[in-house]
Every structure is written in structure tokens, then in C-alpha cells.
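Asks: Can you read through this structure? Questions will come right after.
The values are calculated or read from the model by the stated rules, or taken from the named source; none is laboratory data. These figures come from a predicted structure and were not determined experimentally. No Cβ is skipped: glycine too gets one built from the backbone with ideal geometry, and neighbour counts run over all protein chains shown. SASA here: full protein model, heavy atoms, side chains in, ligands and nucleic acids out. Shrake-Rupley method; radii C 1.70, N 1.55, O 1.52, S 1.80 Å.
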Amino acid sequence: MFDQDSTTLVCIPKKKPQNAQNSYLAVILNDAVGKKFKLAGSMIIGRKEDCEIRIDHRSISRKHARIMLEANGYSAMVEDLASLNGTYYRGKRIQKMRIHDGELIEFGNVPCKFFTDTHAEHGLLDMSSLDQMTGIYNKRYFLDSVNERIRQSAGHDTLLSLLTFDIDHFKKINDTHGHVAGDMVLKRICRIVAGLLPETLVFARIGGEEFAIMLPGSGINDALSLAETVRGTIENSDFEFMGTQIPVTLSAGVCEYSKDMKKAEQFMHKADCKLYLAKNRGRNNVCA
């Protein structure tokens, strides 16, 4: 595990691309979704009016981070400027790291996407596949991904599993601590879980407090192991809001693909049945 308070990550691209003519950082949060900034040289991200990339959001510090576009245009170095709420990549708080074309990074609670002119149109379309609050995939994209995987699996003995989970007593969290606290819990869970997952897995928010993970190439035992890791990690994580600790647990259901499942909805229904069984058994557990 990385040190959450001081991590430098370097991501190696799969192949060296040709230089990009233009590069952008786009906001994918609520009303600001699709707002993009053209990158050049070194630019400061923050709430202060003289910041080159001004994002007016309560979780953003006055001078939050610096992004330095590299010569090829396909990568940029991001450096956190001792911000209050941090800068995150795949759920891990970072100090300095290199990002590449198409990758997501989160400043405070604001997810942003770095992309180039080569993939500009594709990058903007991708935003419609993301949940605007958390920055992970949305239900539509998840169902499309599962259906595509089912089509690929037709006639083959291909392993495929689903994991669904939701937050126990989430309404009570909202009623007791307020909806801002509830939003914090949702976003922090996404950060934590995303940090546990390899890039091959599709992680999505499919309901208010319900999430799903598709595990291509994995059977039921692997799905159970991951579900227990997710459950245990959330149970042992700190969720603090306005100086108050909020106990957070989740329940999960897992299932494996079978050839009688023709559509994603059938697959999801089976996983949901296991999730409801976990909740009926007292919550904070996993059922398969």
C-alpha cells in the first residue's frame, strides 16, 4: 500500500505516442461537467481568481495544485500544493505524479480528465459515461460493458463475475449528519475502492448508494475474495465529517456468469439477490 499522505506515482504509458497539438483538463462534476481548460506550460489550479485553471468549488484550495504539460503533450506532471483536501489518483492521495492521455485525477472532491486533441471528441463522450458526483462510471456504461462482455463470452467457457455492494443504513447517515456528509461518504468510498482495483475492472455507481464491479476473467472465488477485501477495508477506514467519526459498513453480493444469462439485467438481478441476502443476514457481510 502507498503512504496516503505522501505518494509520488509514475505511470508508464503502453506505447510512445506522437506529439499532441493541444491538451486539456476537463471538469466532470455536476453543473461544471464538460468545462475544459487548454493546457500550456505550467498552470495553477485553484479557487483564487488569478489561477490559470480556476475551479470554484468548496473542496478546492485557493491554490490547490500545479499541472505542468510535458513536451509531447500526451503527459503532464501534477503536483499538489499542500492543499487542504488533497489531490487523488485512483483513490490514493498523491504529492506529485505524471498523468497520461485519458486519465482521471481528482482535486479535492472535483474529478477532472486529462486528454488531448487526438482524443478530444472521444474524451468528451467518455464524460457522459461517468457519474458526475464520484467520477467513476455510471449505470448506463456499466450495463453496456457487461452486455458487451456477455456477447464476447457467447459460445466460450469464459469466466466472468459481478460484485454489487451498497452502504449499510445510508439513509441514517444522511438523516443524522446531513446530505453533505453523505456525499463525502460516497466519494471517499469510491476513492478507497478504486485504489483497490486493477485497471481491468469496471467500477460503477449504479444507484444512490449502490455500486457494482465487473470482473472479467474471474470466477466466484476471486469475486468473493475481492468483496471481502472491499468490505473489510471500508469497515476499517475512517470517515470523519466536521470532527465527527461516522461508522460506515457495506454489504455485498457476488455471482458468476452462466450461459443462460443473455442480458446484463439478468446477471445484475442475480448479484442483487445475493446482496439482499447479505443485508437480510445482518449487513456488513458478503453473500454468494
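Asks: Using the alpha carbon gyration tensor of the stretch 115-270, what are the three equivalent-ellipsoid semi-axes (square root of 5 times each eigenvalue), largest first, in whole Å?
Replies: After scaling each eigenvalue by five and taking roots: 28, 20, 13 Å.
Asks: While we're here: Determine the gain in length on full extension of the stretch Leu159-Glu228; use 0.36 nm per residue of separation and subtract their C-alpha separation, reporting nm with one decimal.
Replies: That pair, Leu159 and Glu228, stretches by 22.9 nm at full extension.
Asks: Okay, moving on. Hey, if we sort Tyr137, Tyr74 by accessible area with the 1.4 Å probe, largest down, what's the order?
Replies: Descending accessible area places them as Tyr137, Tyr74.
Asks: Please report the orientation-averaged projected area of the stretch 198-239, defined via the convex hull of its C-alpha atoms, in nm².
Replies: That works out to 3.6 nm².
Asks: Give the residue from Phe239, Asn174, Pro216 lying farthest towards the positive end of the charge dipole for the chain; charges sit on Cβ (+1 for Lys and Arg, -1 for Asp and Glu) and the dipole is referred to the Cα centre.
Replies: Sorting the options by dipole projection puts first Pro216.
Asks: A follow-up question, please. Starting from the Kirkwood radius over alpha-carbon pairs of the chain, derive D by Stokes-Einstein at 4 °C in a medium of 1.567 mPa s and give it in µm² s⁻¹.
Replies: For these conditions, the coefficient is 65 µm²/s.
Asks: Treat each spin label as a single point 7 Å out from the Cα along the C-beta direction, and report the Lys48 to Ser128 distance in nm.
Replies: 3.9
Asks: OK, next. Among Thr116, Thr249, Gly46, pick out the residue whose Cα is farthest towards the positive end of the charge dipole of the chain, where Lys and Arg carry +1 and Asp and Glu carry -1 on C-beta, about the Cα centre.
Replies: Result: Thr116, furthest along the dipole toward the positive end.
Asks: Then there is this: Can you work out the PRE-style zone for Met77? Point 7 Å along Cα to Cβ, and I want the residues of the stretch 83-105 with backbone N under 12 Å.
Replies: Taking a point 7 Å out along Cα→Cβ of Met77, the residues of the stretch 83-105 whose backbone N falls under 12 Å are 96-99.
Asks: How much of the accessible area of the chain, in percent, comes from carbon and sulfur atoms when a 1.4 Å probe is used? Write down the numbers at each step before the final one.
Replies: Numbers: 6810 of 14240 Å².
Ligands and nucleic acids excluded, carbon and sulfur give 48 percent.
Asks: Can you spot the aspartates and glutamates whose alpha carbon is less than 18 Å from Lys171's alpha carbon? Ignore those fewer than 8 places along the same chain.
Replies: Lys171 reaches Asp183, Glu209, Glu210, Glu235, Glu240.
Asks: At 1.4 Å probe size, put Glu240, Glu106, Glu70 in order of accessible surface, largest to smallest.
Replies: Largest accessible area first, the list is Glu240, Glu70, Glu106.
Asks: Next question. So if I average 1/r over every pair of distinct C-alpha atoms in the stretch 174-230 and take the inverse, what Kirkwood radius in Å does that give?
Replies: Kirkwood radius, the stretch 174-230: 12.7 Å.
Asks: At a Förster radius of 25 Å, what calculated FRET efficiency corresponds to the Cβ-Cβ distance of Thr249 and Tyr276, to the nearest 0.05?
Replies: Once rounded, the FRET efficiency stands at 0.95.
Asks: Considering just Cα atoms, how many Å³ per residue does the convex hull of the stretch 131-210 enclose? Can you show the working numbers first?
Replies: Details: hull volume 7.6 nm³, N = 80.
It comes to 95 Å³ per residue, whole-number rounded.
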